[in-house]
Ligand code: P6P
């Protein structure tokens, strides 16, 4: 293989050597990479299954056609539960924490993930993604992990990242020493370094939010978006609006081009005051990545990574992207609770 081609496995190994790891974390991360490759292959087939004649929930080989998010969830769980590096997991697809089967050894790490975020978009061939967050366990011993291992504030993350399944499959991750992106070369089945040392612009010119909820936003949010659409903002011209409706795709664009993605609290549903997105396996990992790339992530009132979780599926407002844009939103958000 050409000396200049850095595969993700080589990158993981070189980071392990640089930071003196024993290799446990590297083998954990390599399993997440493997799971991403399997999910990528399946997502790529999704449209074909229909064309090739899946009948009901059986495909042409008479195999069960699972919903892709259920399939992806099982792929990530099965890739991680037997390797002896994980003591507990949590998934968007599972109501409770996921314990490691009795027959497998338990390890030092905690992995939480949204196995296939935005999967409702797959029928329209819109990009979707996996998001993952890794912690070291808090509970002592080498037995099962527990809920308190999952309910750690985001600043304690040991690593985090996401996979975007689109025209290419791209794996972006950080373990605290910057952010790197790798593109899957399907001809060899390897992720190859394609976005070294990603840095998000300090300020952007794109905002990303579902404007359909404008009337449900609080005052500061409405006034901030009106400001971005005016010539009063720092760019002296209106920001562009881009909203795919798939978090990983909207975040990936924001990370590369700069700007701000917002899923703020809204008044639509009194039972859901904090917006739609989840803290543990959506906001926290993306906040970790964006801060490693020089950006910011906020609830509007505090740093996402400082939020102390109270339950595994808790929702949180997510304002994330270029540092100056996020800081500017926080100024407006101070008006959110003033009528
Ligand atoms: P809305 C997809 O269903 C998702 O969970 C995220 O990927 C995306 O950012 C969000 O919901 C879109 O939600 O309310 O704008 O349709």
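The values are calculated or read from the model by the stated rules, or taken from the named source; none is laboratory data. Since we're looking at a predicted model, the values are computed, not measured. Here the Cβ is made from the backbone with ideal geometry for all residues, glycine too, and neighbour counts use every protein chain on show.
Brief remarks on what is shown
- Verdict on residue 154 being away from the ligand (no atom under 16 Å from the Cβ), at pLDDT 95 or above and in the same structural domain as residue 83 (by TED's automatic domain parsing): yes
- Scan of region 121-139 for residues that are touching a strand residue (DSSP E or B) at 6+ places or on another chain (Cβ under 9 Å), part of a loop (DSSP other than H, G, I, E, B) and within 15 Å of the ligand (Cβ to nearest atom), ordered by number: 127
- Among the residues of region 236-274, those identified as closer than 15 Å to residue 329 by Cα and more than 13 Å from the ligand (Cβ to nearest atom) are 239, 258, 259, 260.
- Number of residues in region 140-176 that are outside any loop (DSSP other than H, G, I, E, B) and without any contact (Cβ under 8 Å) to a residue 40 or more places away in the chain equals 2.
- Residue within region 229-250 that is at pLDDT 95 or above and within 16 Å of residue 300 (Cβ to Cβ) present: no
- Residue 199 satisfies every condition listed in (1) out of contact with any strand residue (DSSP E or B) (no Cβ under 7 Å at 6 or more places or on another chain); (2) touching a residue at least 12 places away in the same chain (Cβ under 8 Å); (3) closer than 25 Å to residue 272 by Cβ except (3).
- Condition broken by residue 223, with the remaining ones in (1) under 28 Å from residue 126 (Cα atoms); (2) more than 16 Å from the ligand (Cβ to nearest atom); (3) surrounded by fewer than 21 Cβ atoms within 10 Å (Cβ to Cβ) satisfied: (1)
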